Structures are given as C-alpha cells and as structure tokens.
Amino acid sequence: MGLIVISAGLATAASEAAAGPWPRGKGHFFASVAWSSWGDLLGYYDALQETFVEAPQLTTTEELTFFAEYGVTDRVTVGVDSHRRPEEESGANIWFVRATVGPRDWSSQYAVELGLGNGRSYTGETDTVTRAAFLWGRGFSTFGIDGWADVNARVESLAGTEDVLYKVDSTFGVKPDDKRLIYIQMQSGKLGENPGFTRVVPTYVRNFGPHLSLESAFLYGIENDDSLGVKFGVWTQF
C-alpha cells in the first residue's frame, strides 16, 4: 500500500490513545473509564440448539477499568492503571512511570515502564504487584490518512503467590479524520502455569469535542479463550 513512515511527532493519531510509547507531553492529561462484559455466548447458543437438554445458564464477567496518565516532562509520563470485577470482588491498582528513550526524531519510538501496586484475587487474597514493560511504536501516513502501530510487552509479578503474568498487546490503527479513531488490538497473555490466551479487540472511538471521546469495542477470544463481549468507555484529555 505504499506506507510512508513519518516521525512520531506527526503521528497525532497514536498520541490520542493511551499506553503507547509516545510521551503524553509536559502538562498534558489523559483519562479513560470503561465497562466491559463478556462470556461464552457462542457455547451458550450451541447448547440452546441441543434437543432434550436442560436450558443452559449464561455466565458473564463484568469489568470496570480506569486509566489515567499525566506528562511530567516531555519524556516522562506517570499514571495509574486500575481494573475491578465487582461480582468476584477482584481487581488491581498499579501506579506507573513511563519514560521515552532514544531520539525524538526517530521514525520508531521506544519507551520503558515500571509500575507498583496491589491486587486482590477472586479468592479474596491480596498481593503486591510489580510491573516492567517495554513499548514500541511507529506512525505512518498513507493516502492522506494518519495511522500507527505499537506493541506493549509487559511482565507483572505477584509477590505473595510468586505467579508471573506475561502480556503483549499489539495495535494497528488509523485516524480517518479529526473525529474518529479506528484500531484493532491483539491481546495475548499467560499467567503462571495456565495456558496462554489470545483475544482480538476491534475498537471505534468517536470524538465529540476537544476533551471528550466515546469508545466502543468488541471482544473476541481466538485461543484458549471462549469469550465474546463488548466494551464501552469514555475518554478525556487536556
């Protein structure tokens, strides 16, 4: 398609999203609040087709997330990454600092992130969580449309159980105009001895003003994940 790579400074589409290698910028603030719900909807539908079988019960999981970050300098961003599942009474709150590394005029941008927080499992156990992450991103422009690709690879360690979570989120997105962001994210992870999972999340973001955007997404598990669901969120930035 003849993609023309441009510097991250021109990749305005990527800078409007969260958790990428591009710094938020000194004095700038971003926050998002989202609600997600998912379950084995396809398995539930298949069970309904069975004859002489008791009607199945659909079990869904709901999650609330909060993400916020603030640019301390032109290279350093601090923030908080939280999630909670009310029915399980589980969740985590992680405070982090992220620093962009390498020349700002490079086509590719890199960042490192360190985080520390606390978590609560569905069994009611609390634990200390540490995070280390490496982020890569690159902006592009083609046919007059700005876009970006980025990878967020992180490791989270639970001090009490000594479990380790490996997670990689890969994103490809475009910004057709000043009002819309469209991107698809591949989420992969593995916790302890459990099998790894992969989920794909196509997302649409609509801007309604200089400080407000609404996010909607589908969640679809493709490996060791039977989930199918939706996500709705609100973004704000200053």
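The values are calculated or read from the model by the stated rules, or taken from the named source; none is laboratory data. None of these values were measured; they are calculated from a predicted model. Cβ atoms come from the backbone with ideal geometry, glycine included; neighbour counts cover every protein chain shown. Accessible surface is based on the protein model in full, side chains and every heavy atom, while ligands, DNA and RNA are left aside. Shrake-Rupley method; radii C 1.70, N 1.55, O 1.52, S 1.80 Å.
I need the full set of residues from the stretch 215-234 which are under 15 Å from the mean Cα position of the chain (by Cα) and open to solvent by 20 Å² or more (accessible area, probe 1.4 Å), in order please.
Answer for the stretch 215-234, where residues must be under 15 Å from the mean Cα position of the chain (by Cα) and open to solvent by 20 Å² or more (accessible area, probe 1.4 Å): SER216, PHE218, TYR220, VAL230, LYS231, PHE232, VAL234.
Mind checking which residues of the stretch 172-187 are part of a strand (DSSP E or B), out of contact with any Leu (no Cβ under 9 Å at 6 or more places or on another chain) and of a type outside the set (S, T, N, Q)?
Passing the criteria: PHE172, PRO176, ASP177, ARG180, LEU181, ILE182, TYR183, ILE184, MET186.
Within the stretch 60-115, can you find the residues that are among the charged types (D, E, K, R) and farther than 21 Å from ASP150 by Cα?
Result: GLU62, GLU63, ARG84, ARG85, GLU87, GLU88, GLU89.
Can you name the residue in the stretch 199-214 that is loosely packed, with under 15 Cβ neighbours inside 10 Å and under 14 Å from the mean Cα position of the chain (by Cα) and is also farthest from TYR70 (Cα to Cα) among such residues?
PRO202
If I ask for residues that are open to solvent by 50 Å² or more (accessible area, probe 1.4 Å) and part of a strand (DSSP E or B), which ones from the stretch 188-198 would you list?
Across the stretch 188-198, the qualifying residues are LYS190, LEU191.
Looking only at the stretch 131-160, count how many residues are exposed (fewer than 15 other Cβ atoms within 10 Å of the Cβ) and either in a strand (DSSP E or B) or among the aliphatic types (A, V, I, L, M) (or both).
So the count comes out to 5.
Check ASP163, ASP177, ASP169 and return the single one that is acidic (Asp, Glu) and either within 20 Å of THR60 (Cα to Cα) or open to solvent by less than 40 Å² (accessible area, probe 1.4 Å) (or both).
After applying the criteria, what remains is ASP169.
So, of the residues in the stretch 154-181 that are of a type in the set (Asp, Glu) and over 18 Å from the mean Cα position of the chain (by Cα), which turns out to be farthest from GLY233 (Cα to Cα)?
GLU162
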